């Protein structure tokens, strides 16, 4: 008797929706119980959350203070400058997406979608148009550009940037250079010049909101990078005086909380510097964050340096390069490539740590939230304000950790 | 040729260069230090500040909301500082304890084959890790604990636990005179149970037995001793709602409760990732090989996965513990009198920020070094066991 070995369809309980449910949710009796329990928890939490978000929550507190949340006490008639910085970022992100594609394209798409959504809201909902109008100041035409126009411009810039450079790998260097230039330009533009009518000086003490949060994190990470590299090289140095100085610095800074360092730079930096040399409290906070981050950066870089096989340095020595050139041309380029993902991780934690600047009375995102809550008409709206602040941090941190994960995969760092 | 080879001019001799560059570095440091020091002494003279730690002997004159040792405003600054230090220690130790439990549970849940449990754990981890701790803390304090109902309408859990605007009220354990005798019995039980478990594990390799037998023995001795010593060794003083406040029980202030909750929730998310990474770092082949050798699931967990995962977990876990202790300094944002908060008050009052900040930093540094030391000893043991 021959058995019929024609392919028989798998049992209905192991494929399709039912199979998936069975395998992932109801595989054993205790798993079924867990699933039911978890389902009940999710249902009760989500339903309450939705009910609160759409009925109970008073989001007017956010809408009425949106400009404060974004730029803090930055002069309203100068808000076109942060808008211009955003436009610059938009076109650069579009161009980067065009050149490299991948995750950057996803980001550019999200950014464009965000601009488009805000634009539609601004155009359709009259109340929102009024809310967005608080972004445009009075005065000359460029000071009074309505928010909707800025949003449209940004949307177009992302698209133009993307299609302008799509598939042109050769533009890579130019775009990287443009990012660096734009960073310097951002600071100059936001800061302005004394006795200049077009871009009057806006001292850093008037920076605030999300703008300040970003500037604190970005400036600190950029300045701490070279410091961190030097400290890491110093820690690996053969010379005891240099080595022990670096070890001491790194370990002391890593052993104390950031808030003590911020407090120290707030109070003690003015004592350490000559009397005529004054730093406002934003610059002092940046100094504190830079000192702090440099120590962590040094440990990251040291990890990268240790991952480079000694054969690389030996081969370079054999070719006649001296110590300095071996480090500069052979070891560092390879090591720094390895530490890109951890540096992104460091940036994320620094980005979140900028909230500590509220403790030394800076008006960054959380500080603005607290000052808004101090206004009599918004008393008791802590939940709305803090949820909004947390949501902004979440969006950016999550996006960055996603990017870090993608870079890690692309570089194959985790695979070694 | 030989002589030309040795005649390296001294300015290109590596040994000479090394010495000179170090001397140069130290000189630069000395000049910088001198510059900062002279600025500091000028500034301090101008502002009438004096150096030194004499202020620690002076009367503090400020209230501290909660203190583990007796403290009153007439005590000296030194005592106030110690009160702050003890508060930091208590919230850190409790925080580490609870964060470890919650973190391990979440980490295991994150690896669960149950899709829903897995997703809940992932959502918890991602939301907590991607928002700042300080935002979470102010949210928990101002958004939750401060908004608890007034005393009359306290949240009541079985007449045992209460929560209201004034804080969280829990039963307070009160040791009776028989307590030392009971502790002695527990000690004896431990001395018997621990070696028994180890011996059973080595002799029989049956994990279930090696865990259950000593635990049953331990519980049996403890329960027996409870009744044997006569009066119950611990009684619980329950909080009793009064007209305006609670009497009895252990009152945890809203600040303390919020800080502890925030630190535990935040750190547990990071510990969960550490635990997950550690378990996933054990190669699949190890488990498959163990299964092929006929080991049961419990045996695989105890004898194969656990020892190897611990090796990976301990170092990052240590740094999470250190982070928790350092993060407790955010207490200042919600008004819990920890080391940094009390220190900042002292610095303000005495007008001597320099020695106070130095003292605060040195204390945190000592705490960090102590924690790393303890964890390094444990780590060394785990590593030796592994080999």
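Any read-out appearing in this document is the output of simple, stated calculations on the displayed coordinates, not a laboratory observation. What you see is a predicted model, and the numbers here were worked out from it, not measured in a lab. Note: ideal-geometry Cβ built from the backbone for every residue, glycine included; neighbour counts use all protein chains shown.
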(request) Let me know the mean shielding of B:15-26 by other chains, meaning the per-residue number of their Cβ atoms within 10 Å of its Cβ. (result) 3
(request) Given the options A:99, A:17, A:219, state which has the largest fluctuation in a GNM of chain A using a 10 Å cut-off (strictly under) for Cα springs. (result) A:17
(message) With the crude spin-label approximation of a point 7 Å out along Cα→Cβ, what separation in nm comes out for residue A:307 versus residue A:56?
(response) 4.7
(request) Taking 7 Å along the Cα-to-C-beta vector as the label spot, tell me the residue B:127-residue B:76 distance in nanometres, rounded to one decimal. (result) 5.0
(request) With an 8 Å cut-off on Cα pairs and a minimum separation of 6 or more residues, tell me the relative contact order of chain A in percent. (result) 17
(message) With just the Cα atoms defining each centre, how far is region B:293-364 from region B:7-22? Give it in Å.
(response) 45
(request) Give me a single rounded figure for B:334-341: the average over its residues of other chain Cβ atoms within 10 Å of their Cβ. (result) 1
(request) Provide the FRET efficiency to the nearest 0.05 for the residue B:222-residue B:101 pair, computing r from the beta carbons and using R0 = 22 Å. (result) 0.60
(request) Any chance you could check the Cα centroid distance between region A:278-340 and region B:185-221 for me, in angstrom? (result) 52
(request) Take the alpha carbon gyration tensor of the protein assembly as shown, find the square roots of its eigenvalues, order them as a ≥ b ≥ c, and report rounded if a/c is under 1.5; if not, report prolate when a/b exceeds b/c, else oblate. (result) rounded
(request) Sort B:335-345, B:280-290, A:381-391 for me by packing, meaning the mean count of neighbouring Cβ atoms within 10 Å per residue, highest on top. (result) B:335-345, A:381-391, B:280-290
(message) Expected output is a single nm value to one decimal: the length gained when fully extending between residue A:159 and residue A:398, i.e. 0.36 nm times separation in residues minus the C-alpha distance. What is it?
(response) 83.7 nm
(request) Would you please put B:308-317, B:12-21 in order of how densely packed they are, using the mean number of other Cβ atoms within 10 angstrom per residue and starting with the highest? (result) B:308-317, B:12-21
(request) Apply 1/(1 + (r/R0)^6) to the Cβ-Cβ distance of residue A:46 and residue B:19, taking R0 = 60 Å, and write down the FRET efficiency to the nearest 0.05. (result) 0.30
(request) Would you mind getting me the FRET efficiency between residue B:172 and residue B:7? Use the beta-carbon distance for r and R0 = 56 Å, nearest 0.05. (result) 0.10
(request) Find the centroid of the Cα atoms in region A:211-277 and in region B:70-112, then give the distance between the two in whole Å. (result) 28
